[in-house]
Amino acid sequence: MDEEQAKTEIWNYIFGFTDPLVLKCAIELGIADAIEVAGRPMTLNELSAAIGCAPDPLYRIMRFLVHRRVFGETCTSDDRGDLASYALTPLSRLLVRDGQNSMAALVLFETSPVMLTPWHALSAYIRGGAPPSFLASHGDHVWGHAAGNPEHSKLINDAMACDASIVVPAIVNGCIGVFDGLATVVDVGGGNGATLHMLVKACPWIKGINFDVPHVVDAAPEHNGVKHIGGDMFLTIPKADAVLMKWVLHNWGDEACIRILRNCKEAIPEDRGKVIIVDAVVVEEDRSGGLNDVRLMLDILMMIHTNGKERTEAEWKSLLTAAGFSRYTVTSIPTVQSVIEAYP
């Protein structure tokens, strides 16, 4: 299994086929981290001692995760004879908290009690057309809840930074020309600035503006070449050569998206500006699985958590036309999202 296949598999594990709570358990126990630190496969007794837990329940967790191909199992020998040892695989390397391309933060966000509770209200939402299940479950929308709960806000921002560590390299390696000729880029809903931090490093000619609600940018770390600005994208967006939105519009219904896009259009130069949307494009006819499976899973997540949706190209075109954009292009990258460039 190569790295790209591993990324596809881990999306499936997070959102679908394997119980994601077992992945959460493995991350919280630090199983992948311990094996990474050891630099070699570890026996059950070594692993239980390293992470401080009893061997028997750990064995049952590892048996499940080996069966699911999250960890590998090898045989090592010492003076006590042959012993089974657990090794990292391309999948479990994505669960090392500080590892390259780690997706641990995204697992912890999606399996947090706050995000899991609304699933129990899904049928009631479908049956009665009630408000989004997250609102019904918690009395506020996702971002309002985060504003009053710093731990949940950190989970969101860490998860989005986790996604950025996968998506930004895919953009840089696949379509870096998107940023040619741009002196300033404002990242709307940029969270802790991780996306812009990586983009500015790859494109040092860009000055970045990280734009998000005040409580988010107030907690954001400083990054060279990135300025943090707090505000409300439904009111106004800072001026720049281009507006970037990664995994923002899928959180909102059509009317809200049109409002946001119109504000984006006001923020860029009419003659040379553009809006860069990094979001999923669902392929309705694609039954081949893989990333399109993940996009359809995410569509259900958006329905539950935000009242948003994942959109087909035809639906994106309808939004952009309604917001006053004259043309657009779509570029595929090897991740769940595509890159949509919209022009006034």
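Taken together, the values in this text are just the output of simple stated rules run on the coordinates, not laboratory data. If you're wondering where the values come from, they're calculated on a predicted model, not measured in any experiment. Ideal geometry is used to build each Cβ from the backbone, glycine not excepted, and the neighbour counts take in all protein chains shown.
Looking at region 26-96, send over the antiparallel percent of its DSSP beta bridges, to the nearest 5.
On the way: 10 of 10 bridges.
Roughly 100 percent of the beta bridges in region 26-96 run antiparallel, per DSSP.
Distance between Cα centroids, region 288-344 to region 124-172: provide it in whole Å.
About 17 Å separates the Cα centre of region 288-344 from the one of region 124-172.
For region 66-212, what is the charge dipole size about the Cα centre, in debye to the nearest 20, if Lys and Arg each add +1 at the Cβ and Asp and Glu each add -1 at the Cβ?
Details: 9 positive and 13 negative charges, 48 e Å.
With only Lys, Arg, Asp and Glu charged at Cβ, the dipole is about 240 debye.
Sequence gap at least 6, Cα distance under 8 Å: using those rules, report the relative contact order of region 29-110 to the nearest whole percent. It would help to have the intermediate numbers written out before the result.
On the way: 100 pairs, mean separation 23.4, N = 82.
Computed over region 29-110, the figure is 29 percent.
Given the options Tyr86, Asn101, Met62, identify the residue whose Cα lies farthest towards the positive end of the charge dipole of region 54-122 (+1 on Cβ of Lys, Arg; -1 on Cβ of Asp, Glu).
Asn101
Mean separation of Cα pairs under 8 Å and 6+ residues apart, divided by the residue count of the chain: what relative contact order is that in percent?
Relative contact order for the chain comes out at 14 percent.
If you take every DSSP beta bridge whose two residues both sit in region 217-329, what share of them, in percent to the nearest 5, is antiparallel? Before the final figure, lay out each step's value.
Numbers: 1 of 8 bridges.
Roughly 10 percent of the DSSP beta bridges within region 217-329 come out antiparallel.
Can you tally the net charge around Leu199? Count Lys and Arg as +1, Asp and Glu as -1, for every other residue whose Cβ sits under 12 Å from the Cβ of Leu199.
Once all neighbours under 12 Å are counted, the net charge is +2.
Across the chain, where is the longest run that never hits trypsin sites (Lys or Arg not before Pro) in a DSSP loop with at most 12 other C-beta atoms within 10 Å? Provide the component values of the computation, followed by the final result.
Values: sites that count: Arg80, Arg272, Arg287.
Looking at the chain, 81-271 is the longest stretch - no exposed trypsin sites (Lys or Arg not before Pro) with at most 12 other Cβ atoms within 10 Å.
Which entries of Lys201/Lys309; Lys207/Lys309; Lys154/Lys309; Lys207/Lys317; Lys227/Lys274 have Cα-Cα distances beyond 26 Å here?
Details: Lys201/Lys309 32 Å; Lys207/Lys309 31 Å; Lys154/Lys309 23 Å; Lys207/Lys317 29 Å; Lys227/Lys274 20 Å.
Correct reply: Lys201/Lys309; Lys207/Lys309; Lys207/Lys317.
In region 162-233, what chymotrypsin sites (Phe, Trp or Tyr not before Pro) fall in a loop by DSSP, with at most 13 other Cβ atoms inside 10 Å? Write out the running numbers ahead of the final one.
Working: sites: Phe179, Trp205, Phe211; in loops: Trp205.
Hits after loop and neighbour filter: Trp205.
Where the centre of each part is set by its Cα atoms, how far does region 16-62 sit from region 184-205, in angstrom?
Region 16-62 and region 184-205 have Cα centres separated by 35 Å.
Determine by what factor the alpha-carbon radius of gyration of region 148-204 differs from 2.2 N^0.38 Å, reporting the quotient.
Working: Rg = 12.7 Å, N = 57, 2.2 N^0.38 = 10.2 Å.
Ratio of Cα Rg to 2.2 N^0.38 Å: 1.24.
Taking the Cα centre as origin and putting +1 on Lys and Arg beta-carbons and -1 on Asp and Glu beta-carbons, what dipole magnitude results for region 173-332, to the nearest 20 debye? Please list the in-between numbers first.
On the way: 16 positive and 21 negative charges, 77 e Å.
Its charge dipole is roughly 380 debye.
Taking amide H positions as placed 1.01 Å from N in the peptide plane, with prolines and chain starts having none, which residues 5 or more places from Asn101, or on another chain, fall under 5 Å of its amide H?
none
In debye, nearest 20, what is the charge dipole magnitude of the chain about its Cα centre with +1 on Lys and Arg Cβ and -1 on Asp and Glu Cβ, if you could check? The partial results should precede the final answer.
Working: 28 positive and 42 negative charges, 91 e Å.
That gives the chain a dipole magnitude of about 440 debye.
For the chain, what's the radius of gyration and Dmax over Cα atoms, in angstrom?
Final numbers for Rg and Dmax: 21.4, 75 Å.
Give, in nm to one decimal, the length gained when the segment between Asp218 and Cys53 is fully stretched (0.36 nm per residue of separation minus the Cα-Cα distance).
Stretched out fully, the Asp218 to Cys53 stretch lengthens by 55.6 nm.
Among Ile176, Met303, Ala242, whose Cα sits farthest toward the positive end of the charge dipole of the chain (+1 at Cβ of Lys/Arg, -1 at Cβ of Asp/Glu, about the Cα centre)?
It is Ala242.
Given the chain, what percent of its DSSP beta bridges are antiparallel, to the nearest 5?
On the way: 23 of 43 bridges.
Bridges in the chain are about 55 percent antiparallel.
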